[in-house]
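The structure appears below as structure tokens.
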Amino acid sequence: SALLTSCAHPKVPDADPPRMPPTSFAPALRQGLSAAVGVFGVGLEYSAAELQKPEARRHVGAGRVADRIGAGFVISGAEGLIVTASHAVAGSQRIAVRLPDRRIVAATLVGEDEMADIALLHVPLVLPEPPPQGRSAALRPGDWVLAVGEPYG
């Protein structure tokens, strides 16, 4: 009867038509890489034994050897602020940053939270601004997310 008829033909809610993912993430990558930097914690003195270790042979600038290597990201280009992991600069007597254009500049440690493993660095330059950040609250389960911060779909 009526109950069986309604169960046999359930109404399917309207759904957005499926969309294909982008064919290239190159534009998003290009935009994101403009804010990525290399971070090098540099010490002042090295023993001969320390310099023989393969991991110690990472050169930064004028023949100095990096003790620690990490990545960082510009969070304010106008202020020259970079965020990185605190373990990448922990105990370093000097900090160097390799910019996207391959220049190496000295950075100062503004502050760090070792428990959260985060550090804030300052370089005395105006840097490219980071790409805009998206809003994760606007995402739904299953959305594609592009590096430029816009949900796909």
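The values are calculated or read from the model by the stated rules, or taken from the named source; none is laboratory data. This one's a predicted model, so the numbers in the text were calculated from it and none came from an experiment. Cβ coordinates were reconstructed from backbone atoms using ideal geometry, including for glycine residues, and neighbour counts include every protein chain displayed. For accessibility, only protein heavy atoms count, side chains too; no ligands or nucleic acids. Shrake-Rupley method; radii C 1.70, N 1.55, O 1.52, S 1.80 Å.
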Hey, ALA88 hits all of (1) farther than 22 Å from ARG30 by Cβ; (2) in contact (Cβ under 8 Å) with a residue 60 or more places away in the chain but one; which does it fall short on?
(2)
Quick count over segment 107-124, residues being surrounded by 13 or more Cβ atoms within 10 Å (Cβ to Cβ) and of a type outside the set (Val, Ile, Thr), is 8
When every residue in segment 72-89 that is open to solvent by less than 30 Å² (accessible area, probe 1.4 Å) and small (Gly, Ala, Ser) is compared, the one farthest from LEU33 (Cα to Cα) is SER86
Residues located in segment 90-106, provided they are open to solvent by 60 Å² or more (accessible area, probe 1.4 Å) and either part of a strand (DSSP E or B) or touching a Phe, Trp or Tyr at 6+ places or on another chain (Cβ under 6 Å) (or both):
ARG94, ARG98, ILE104, ALA106
Select from segment 125-138 the residues that are assigned to a loop (DSSP other than H, G, I, E, B) and either open to solvent by 60 Å² or more (accessible area, probe 1.4 Å) or closer than 22 Å to LEU29 by Cα (or both) and list them in ascending order.
VAL126, LEU127, PRO128, GLU129, PRO130, PRO131, PRO132, GLN133, GLY134, ARG135
Quick test for you: out of ALA15, ALA66, ALA35, pick the one residue that is at pLDDT 70 or above and of a type in the set (Gly, Ala, Ser).
ALA35
In segment 76-110, how many residues are at pLDDT below 90 and within 14 Å of the chain's Cα centre (by Cα)?
1
